[in-house]
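J.: Here it is, the structure in full.
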Amino acid sequence: MTVKLLEDEDELPIKQLIKAVNKKMEDVLRVVDALNLGRTEVKADGIYRIFNNGETVKIAEGNFKRRKVSEKRIKLF
């Protein structure tokens, strides 16, 4: 699954790529939970950090309404 040239980017199997990203994300979340660093959650009134023991800390305040994305194209490079 290694891409050496930008022209080869379109030949990547997208399902395999998504599976690899999800696997790495699971590993990252496992480490974050083990170290009790807390997970970040964005709500309409601010950004919160939620820890394993249920404690919630507001780390940023603002207006974070959901926005619709007009274009759903993702560029990897």
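Bear in mind these aren't lab numbers, they're just calculated from the coordinates by the rules spelled out. Computed from a predicted model, the values in this text were never measured in an experiment. For neighbour counting, all protein chains shown are included, and Cβ atoms are generated from backbone atoms with ideal geometry for every residue, glycine included.
J.: May I ask which of 43/68; 19/43; 24/58 have a Cα-Cα span longer than 21 Å here?
T.: Details: 43/68 15 Å; 19/43 28 Å; 24/58 27 Å.
In this structure, 19/43; 24/58 lie more than 21 Å apart at Cα.
J.: Shifting gears a bit: From the Cα trace of the range 11-61, what convex hull volume per residue do you get, rounded to a whole Å³? Don't skip to the answer; put the middle values down first.
T.: Working: hull volume 5.3 nm³, N = 51.
Looking at the range 11-61, the number lands at 104 Å³ per residue.
J.: What are the residues whose amide H is under 5 Å from the amide H of residue 52, where those residues sit 5 or more places off or on another chain and H is modelled from the backbone?
T.: So residue 52 has HN proximity to 38.
J.: Could you pull out every residue, at least 5 positions away or on a different chain, whose amide H is within less than 5 Å of the one on residue 46? Hs are placed 1.01 Å off N in the peptide plane, and Pro or chain starts have none.
T.: Correct list: 62, 64.
J.: Let me ask something else. Counting other Cβ atoms within 10 Å, which GluC sites (Glu not before Pro) in the range 14-77 have at most 12 and lie in a DSSP loop? Before the final figure, lay out the partial values.
T.: Numbers: sites: 26, 41, 55, 61, 71; in loops: 55, 71.
Hits after loop and neighbour filter: 55, 71.
J.: Something else about it: May I ask you to derive the FRET efficiency for residue 73 and residue 26 from their Cβ-Cβ distance with R0 = 25 Å, giving the value to the nearest 0.05?
T.: Values: r = 26 Å, r/R0 = 1.04.
Computed FRET efficiency for residue 73 and residue 26 comes out at 0.45.
J.: So for the pair residue 57, residue 19, with labels modelled 7 Å out along Cα→Cβ, what separation do we get in nm?
T.: 3.9
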